[in-house]
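Participant: First the structure, then my questions, so here it is.
The values are calculated or read from the model by the stated rules, or taken from the named source; none is laboratory data. These numbers come from a predicted model, not from an experiment. Reconstructed Cβ throughout: ideal geometry from the backbone, glycine too, with neighbour counts over all protein chains shown. Please note that ligands, DNA and RNA were not included when accessible areas were found on the heavy atoms of the full protein model with its side chains. Shrake-Rupley method; radii C 1.70, N 1.55, O 1.52, S 1.80 Å.
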Amino acid sequence: MIDTTTGRAAMAYTGTTPWHGLGQALTPGADIDTWTREAGLAYSVLESPVQYSTPAVSDLQTWPARKVLHRSDTGAPLAVVSDSYNVVQPGQVMDFFRRLVDIGGFELETAGALSDGRRVWALARVGDGAPIVDADLVRPYLLLGTSYDGTMATVAKFTAIRVVCNNTITAAVGGYSGGRVIKGEGETDKGYLKSAVRVLHSEKFDPDAVRLQLGIVAGAWENFLIQSRQLAAVPMDLAEADAFIVDLLTPYHTAARPLQETKGYRRVMDLFQGRAIGSDIPGVSGTRWGMLNAVTEMVDHERGRAGSTRLESAWFGPGAALKARAVDLLTADLVGA
């Protein structure tokens with residue numbers, strides 16, 4: 001099902017020649033523009049209104065809420081879809097990997113178009129330097145594919161399958177065949193991080209959001225974003241909050257009375273239960289992220305006799321150590337922590 005409507009197979013690859021022998025062989029390290037051209041993806045998907053003639057009236061009629069998708073290079077129609085269908089262009093698929101190659105740890109291995117251009121994909125081998133969702137699971141490839149006929153959402157996922165044709169892309173991501181739903185590989189979903197991200201065509205494709213959900217980061221700040229979003233995805237009830245605060249404060253507890261009766265315990269619990277700044281923001285209250293914010297507010301804004309001593313403690317002293325311990329405890333069982 002590799003697209004050959006332009007006169008040659010719309011596929012490029014490095015490494016082992018695909019079993020079907022089609023496509024253009026590239027040298028490892030070729031730039032993304034070369035990949036786009038040689039994979040037959042140097043075209044755009046255009047949109048036009050659906051019109052029809054009828055003997056009832058003399059003018060062409062427009063079918064409301066529908067549009068036809070067609071190729072900019074050949075003019076070939078791809079599908080009639082709803083007007084809310086969001087197209088992810090072939091160039092966007094390739095630019096997704098341009099960013100990954102820049103980050104490092106990824107090397108494109110195959111890319112191309114299927115079914116006259118109704119599906120496109122690109123696949124990169126994941127090197128040792130690329131963060132992976134689950135450290136216990138080998139994921140040698142990262143695949144991004146999309147469709148222009150509604151048969152497949154835009155899917156980005158780690159896969160053990162080297163995609164070279166429709167058979168293997170269906171095995172990797174699933175889809176429809178003969179009216180039947182074909183299930184793809186098993187997927188891992190652990191809080192915010194996922195081994196596969198599916199973006200419906202009713203939604204906008206955000207390449208950076210997809211990249212972060214897959215756990216592919218460019219630096220410390222993005223690591224922090226992922227960790228924070230993981231914490232916000234994990235609910236925490238009062239029993240868990242109690243156990244956490246006790247664990248957090250036990251090394252610092254020297255008083256004779258029970259730890260739950262101390263000022264520090266009571267204040268963190270009060271902040272966690274809705275007294276903290278920002279507790280009314282959806283997704284904060286009742287989560288591990290809400291608890292981390294409660295600890296942070298106590299350390300940064302309330303401990304110490306004056307603003308200067310609080311700041312020094314929060315940045316360099318015991319306050320910083322307490323916040324670091326809170327992060328360690330809250331993220332201990334999260335993937336990639």
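Participant: Got a number for residues in segment 189-222 being open to solvent by 20 Å² or more (accessible area, probe 1.4 Å) and part of a helix (DSSP H, G or I)?
Facilitator: Count: 7.
Rundown of residues vs (1) open to solvent by 60 Å² or more (accessible area, probe 1.4 Å); (2) under 30 Å from Leu144 (Cβ atoms); (3) in contact (Cβ under 8 Å) with a residue 12 or more places away in the chain; (4) among the basic types (Lys, Arg), yes/no style:
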| position | (1), (2), (3), (4) |
| --- | --- |
| Phe224 | yes, yes, no, no |
| Val246 | no, no, yes, no |
| Glu261 | yes, no, no, no |
| Phe272 | no, no, yes, no |
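Participant: Something else: Kindly provide the set of residues from segment 38-70 that are closer than 16 Å to Tyr85 by Cβ and in contact (Cβ under 8 Å) with a residue 60 or more places away in the chain, ordered by number.
Facilitator: Correct list: Val45, Leu69.
Participant: Go through segment 23-59 and count every residue that is closer than 20 Å to Leu114 by Cβ, open to solvent by less than 70 Å² (accessible area, probe 1.4 Å) and in a loop (DSSP other than H, G, I, E, B).
Facilitator: Residues meeting the conditions: 7.
Participant: Still on this structure, I have one more. Among the residues of segment 47-65, are any at pLDDT 95 or above and closer than 21 Å to Ala156 by Cβ?
Facilitator: No: segment 47-65 contains no residue that is at pLDDT 95 or above and closer than 21 Å to Ala156 by Cβ.
Participant: I need the full set of residues from segment 82-113 which are assigned to a strand (DSSP E or B) and either touching a Cys at 6+ places or on another chain (Cβ under 9 Å) or buried (at least 20 other Cβ atoms within 10 Å of the Cβ) (or both), in order please. First the steps, then the outcome.
Facilitator: Looking only at segment 82-113, we keep the residues that are assigned to a strand (DSSP E or B), and these are 82, 106-113.
Passing the criteria: Phe106, Leu108, Glu109, Thr110, Ala111, Gly112, Ala113.
Participant: List the pairs whose first member sits in segment 85-104 and is in contact (Cβ under 8 Å) with a residue 24 or more places away in the chain, whose second member is in a loop (DSSP other than H, G, I, E, B) and surrounded by fewer than 20 Cβ atoms within 10 Å (Cβ to Cβ), and whose Cβ atoms are under 6 Å apart, counting only residues at least 6 apart or on separate chains?
Facilitator: Asn86/Lys204; Gln89/Ser44; Ile103/Ala218; Gly104/Gly129
Participant: Any chance segment 60-75 includes a residue that's farther than 30 Å from Arg211 by Cβ, open to solvent by 70 Å² or more (accessible area, probe 1.4 Å) and not in a strand (DSSP E or B)?
Facilitator: So far as segment 60-75 goes, yes, one or more of its residues are farther than 30 Å from Arg211 by Cβ, open to solvent by 70 Å² or more (accessible area, probe 1.4 Å) and not in a strand (DSSP E or B).
Participant: Does Arg119 count as charged (D, E, K, R), open to solvent by less than 30 Å² (accessible area, probe 1.4 Å) and at pLDDT 85 or above?
Facilitator: It is true that Arg119 is charged (D, E, K, R), open to solvent by less than 30 Å² (accessible area, probe 1.4 Å) and at pLDDT 85 or above.
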